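The values are calculated or read from the model by the stated rules, or taken from the named source; none is laboratory data. The structure displayed is predicted, hence computed values, not measured ones. Backbone-built Cβ (ideal geometry, glycine too); neighbour counts: all protein chains shown.
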Amino acid sequence: MTGRGIARLAMAAAAGLWLAAAGRDGFDAWVAATELPPLIAETSVQVLARDGSLLRAYTVADGRWRLPMGADGADPAFLAMLIAYEDRRFAEHRGVDPRALARAALQSLRAGRVVSGGSTLTMQVARLIEDGPTGRWDGKLRQMRLALALERRLSKSEILALYLHHAPYGGNIEGLRAATHAWLGKEPRRLTPAEAALMVALPQSPETRRPDRHHSDATAARDRVLARMAAAGVIDTDTADAARAETVPDARRPFPRLAAHLADRLRAAEPARTTHRTTIDAGLQARLERLAADAVAGRDPRLSVAILVADHGTGEILASVGSAGYTDDAREGFVDMTRALRSPGSTLKPLVYAMAFDDGIAHPETLIEDRPTSFSGYAPQNFDRIFRGTLRVREALQLSLNLPVVSLAEAVGPARIMAALRRAGAETELPSGAAPGLAVVLGGVGVSLEGQVALYAALARGGVPVTLRHDSRETPAAVPPRRMVSEVAAWHVADILAGTAQAGGSGGNRLAWKTGTSYGHRDAWAIGFDGGHVAGVWLGRADGTPVPGAFGADVAAPVLFQTFARLKPALSPLPPPPPAALTVSTGQLPPPLRRFRPRGAATGADADAPVLAFPPSGAEIDTGGGPLMLRVDRGTAPFTVLADGTPVATGLQRREALIDLPGPGFVALSVIDAQGRAARAEVFLTPSAR
């Protein structure tokens, strides 16, 4: 070849390279200019249990189920089948696979019809997120362009995640996780080979292969996937044969709807949040929802029930059943009765007794009268209208008598009782904003089941309140809350309640429990705790109308016992008595504590009753580590001094005395005179005091 020819050839080659480069640059610019649709899929709001399992989910705006998930949430065997069946070179190509397109074209020419489309998984994602056409060449070209652009912007894992969110599985089901819940009733993390093959097959023709409508077609499509997987070596022949023997489901399963009321509350409180993680135990929640339904089966069609269970050590709510049936309109099942303010009946009585123990005006072995009494015109009666005369305080609480507790409440003060109830974390409501009166202790105040459980949780924790919580993101407060009652008073109440007949358990494993029935049989309650958990049950009608014959002990208590039976195999032991607890008989008590003398009942206040002149209630005192100087005005000697319900000085003849007190922290001081009259003050000993 002449020099001129070589020169021309070189120029032609250079021109060809220039054109190729220009074409490549133009192609790159064309791909780079691709306008991408939104890549973040709208997913269903989901509410999760403490172990991450699904409690409830909600459809997205257009009514589709599309649960959030990533590629790491899918069974690896499913992913292997998906890639082997749909796109063997997924890890290698850049969005479009020329070899797959050529193979598809050759197969179509040989068969005279379209055998396979040659689409990569990335191209399928492009079609799904844009909802573009598939049967026209311009639609296919758009998919290729978009697939190439996606591969430049996203990782392979992100592209796979888009497919797992958008793949259609029939009806309003999109994405693998929604599909496994709808067709298999499970999460996609672990699938059998048969289940994985079905999940691969359905998106190819989601409507004509719907298992509930075209069961034989769904089965045949699954079997074809299994055959190809065996031929490709993804699974062995024996596995494929065993998988074909599995039956394809023929019905769509409902999505989980556990703790529905709580889920609604969480969603309403944070509408922009897509995932709510709770402290709920999914298994326990399911068992208690079945228990609630069984509890009202065959009874008044308007009767409902609510159950709440919490770990009183942490405050974590483990189960929250708002009604006997969320969709039961006759029972107004949509109303969350764990939060409704209702009359508590007798369930506040333990708080009154605990406060009386703290004030030093009573002890479990103190004698108290159960006789007709008028309290400034208020003359309550016992539920059975029988009066039992003189009996021990322990028996009065176990029998849930009204006259003794009203006498104690009159001495403690209704306003203080309400303050202690709120300190426990219970929301309260008085009729028409009225001031609290003695009727509060017999149910004359609105309290929710949640509030009742919080109250009994504080008693279970030795008088220290705990904030009930259902959000797993929350943690207990770093600073302990102010005590509701002393440890000694709380223990005495728990010991009394655990001695109530039919409490269940044996030996040291006892349930401390109390029932209540509101006026007119509108509400029946049972609340109880052991060494680890607290639970509450409410039965009644959501509209507040009476339920004739409904007593807490008859209808709510059995549900409470069954709740604990479904919670754990055996009750956890209650704590032993604190060192300061006075566990003696009536005759061994300090004389002022042997018999309770009501004050202000029918006769008005006693002008000569003792007064604690020092320290004043609410004072903050630094004793420098020494004893506290206490001074009493009026009253009749000898005096008995109690700190948090425990005697610290007896037989005092003088009105001034140095008293050794526990500390630091809040201390409830009580002085009782020879006639059983008492004065009380609550003081705070600063840390330097001891």
* To do: Only residues in segment 517-543 that are touching a residue at least 40 places away in the same chain (Cβ under 8 Å) and surrounded by fewer than 24 Cβ atoms within 10 Å (Cβ to Cβ) count as the first member; pair them with residues that are assigned to a strand (DSSP E or B) and of a type in the set (S, T, N, Q), Cβ under 9 angstrom, at least 6 apart or cross-chain, and list the lot.
  => ARG541/SER304; ALA542/SER304
* Residue within segment 212-234 that is in a loop (DSSP other than H, G, I, E, B), of a type outside the set (Gly, Ala, Ser), modelled with pLDDT of 95 or more and crowded, with 22+ Cβ neighbours inside 10 Å present -> no
* Do you know which residues across segment 236-254 are in a loop (DSSP other than H, G, I, E, B) and more than 16 Å from ALA201 (Cα to Cα)? -> ASP236, ALA245, ALA251, ARG252, ARG253, PRO254
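Taking the criterion of being part of a helix (DSSP H, G or I), closer than 26 Å to ALA179 by Cβ and at pLDDT 90 or above, would at least one residue in segment 112-121 satisfy it?
The initial filter retains those residues of segment 112-121 that are part of a helix (DSSP H, G or I), namely 121.
Now narrow it down to the ones that are closer than 26 Å to ALA179 by Cβ: 121.
If we keep only those that are at pLDDT 90 or above too, we end up with 121.
So far as segment 112-121 goes, yes, one or more of its residues are part of a helix (DSSP H, G or I), closer than 26 Å to ALA179 by Cβ and at pLDDT 90 or above.
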* Is it fair to say MET355 is crowded, with 24+ Cβ neighbours inside 10 Å, among the aliphatic types (A, V, I, L, M) and within 27 Å of the chain's Cα centre (by Cα)? -> no
* To do: With the condition kept exactly as written, say whether any residue in segment 348-367 is touching a Ser or Thr at 6+ places or on another chain (Cβ under 9 Å), free of Cβ contacts under 8 Å to residues at least 40 places away in the same chain, among the acidic types (Asp, Glu) and not in a loop (DSSP other than H, G, I, E, B).
  => no
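Have a look at ALA457, ALA419 and point out the one that is assigned to a helix (DSSP H, G or I) and touching a His at 6+ places or on another chain (Cβ under 7 Å). Let's see the steps before the verdict.
Working: ALA419 fails: touching a His at 6+ places or on another chain (Cβ under 7 Å).
Selected residue: ALA457, the only one of ALA457, ALA419 that is assigned to a helix (DSSP H, G or I) and touching a His at 6+ places or on another chain (Cβ under 7 Å).
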* Asked: Exactly one of (1) outside the structural domain of LEU164 (by TED's automatic domain parsing); (2) acidic (Asp, Glu); (3) touching a Lys or Arg at 6+ places or on another chain (Cβ under 9 Å) is unmet by ASP250. Its number?
  -> (3)
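Can you tell me which residues in segment 662-675 are more than 38 Å from the chain's Cα centre (by Cα), buried (at least 21 other Cβ atoms within 10 Å of the Cβ) and outside any strand (DSSP E or B)? Don't jump to the end; show me each part of the working.
Pass one, segment 662-675, residues more than 38 Å from the chain's Cα centre (by Cα): 669-675.
Of the ones still in play, those that are also buried (at least 21 other Cβ atoms within 10 Å of the Cβ) are 669-673.
ASP673 - this is the single residue of segment 662-675 that is more than 38 Å from the chain's Cα centre (by Cα), buried (at least 21 other Cβ atoms within 10 Å of the Cβ) and outside any strand (DSSP E or B).
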* Given ALA292, ALA310, ALA272, which one is closer than 21 Å to VAL47 by Cβ and either in a loop (DSSP other than H, G, I, E, B) or not small (Gly, Ala, Ser) (or both)? -> ALA272
* Give segment 246-269 a look and list any residue that's more than 23 Å from ASP281 (Cβ to Cβ), touching a residue at least 12 places away in the same chain (Cβ under 8 Å) and surrounded by fewer than 17 Cβ atoms within 10 Å (Cβ to Cβ), or say none. => GLU246, ASP250, ALA251
* Do any strands (runs of 3 or more DSSP E) lying entirely in segment 609-654 carry at least 1 residues that are surrounded by 14 or more Cβ atoms within 10 Å (Cβ to Cβ), within 44 Å of the chain's Cα centre (by Cα) and of a type in the set (Gly, Ala, Ser), and which ones are they? -> 639-643
* Any residue in segment 588-602 that is of a type in the set (S, T, N, Q) and modelled with pLDDT of 85 or more? -> yes
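May I ask you to say which residue of ALA415, ALA396, ALA454 is aliphatic (A, V, I, L, M) and modelled with pLDDT under 95?
Details: ALA396 fails: modelled with pLDDT under 95; ALA454 fails: modelled with pLDDT under 95.
Result of the check over ALA415, ALA396, ALA454: ALA415.
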